[in-house]
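**Student:** What follows is a single structure, and I will ask about it in a moment.
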Amino acid sequence: MSNSKALDWAEEDDGSSLPPTQVVNNPDGTKTVTEYRVNDDGKKVKVVRVIKLTVVKERVQQAVAERKKWAKFGAEAGKKSGVDVRTTSVGENVQLRLQLGWTNNPEQEQEEAALSAVKEKAKTGSVVRCRACKGGHFTALCPYKDIIGPVDEPAETPSSVSSRSGAGAATGSRYIAPHLRAGASREGGDSLFKRERDDSATLRVTNLSDDTREDELRDLFRRFGGIQRVFLAKDKETGRAKGFAFVSYYDRESAVKARDRLDGYGWHNLILRCEFSKPRD
């Protein structure tokens, strides 16, 4: 009678089992790892890797070192400490430097400062009044300062109207137009009508987009000569441009150059229209 025991079907070698991984420590400090795998073609392959461990010491803050010892949680619970390249992508450290006032808007700060000054002066009893339009704001913030200019001295009541008006003597309580007041005809007179004297070098620019800014217009036109003033018409409620502006040069030659170069020029996805401003009647 034979004492041999029949092998169980689970113990039979079907030829698909792989040898275990072998790790050999070498004298030079490296280790050789031998693995057996099955490639895409279904064939057994032998993979030999030589690994050298290098210890890199890095000095970090104590709080950073403590955070590295925290236990992982969620899907990474129970995993070893450190970065797992299978789930974490390590990128370059980006240094974020924040400066004081980096989110502030200069224009908004200027308006808020002016408003605060008005409130403070209102508390003390003094009232802020614009020298140009006599409004309750600073002259520097006046929307009409480029048109009428500041008027430092109050207009004197003339004893008689200029001979051009054809009118007789004026009473002290009657309103006298600036161009009819005494001294209005002398050279360097009232700045209210200075724009009329500059009409020969003033361009009317139309077909502007509603998001156009005055400083953009100034930068566009200053390349052709010295600019005396730029007026951009804006909506009082929305503050957006109405689509036209006036640009005044110190001489007509510069205005002619700007008209010839910018009339029909594409700007902000629109075609500009530049022409000389028509004098008032």
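**Student:** For segment 18-61, which positions are part of a loop (DSSP other than H, G, I, E, B) and among the hydroxyl-bearing types (Ser, Thr, Tyr)?
**Tutor:** Result: 21, 30, 54.
**Student:** Moving on to the next point. Specify the residue that is nearest to residue 208 (Cα to Cα); the eligible residues are those in segment 232-249 that are among the basic types (Lys, Arg) and in a strand (DSSP E or B).
**Tutor:** Only one residue tops the list, namely 242.
**Student:** Can you find a residue in segment 249-262 that is over 28 Å from residue 141 (Cα atoms), more than 25 Å from the chain's Cα centre (by Cα) and free of Cβ contacts under 8 Å to residues at least 24 places away in the same chain?
**Tutor:** Yes, segment 249-262 has at least one match.
**Student:** So which residues in segment 250-277 are of a type in the set (A, V, I, L, M) and either part of a helix (DSSP H, G or I) or within 15 Å of residue 199 (Cβ to Cβ) (or both)?
**Tutor:** Correct list: 255, 256, 258, 262.
**Student:** Looking only at segment 209-244, how many residues end up being surrounded by 12 or more Cβ atoms within 10 Å (Cβ to Cβ), polar (S, T, N, Q) and out of contact with any strand residue (DSSP E or B) (no Cβ under 7 Å at 6 or more places or on another chain)?
**Tutor:** Qualifying residue count, segment 209-244: 0.
Where a number appears in this text, it was derived from the coordinates with a stated rule and is not lab data. Predicted model only: the values in this text are computed from it and were never measured. In this analysis, Cβ positions are derived from the backbone assuming ideal geometry, glycine residues included, and neighbour counts consider all displayed protein chains.
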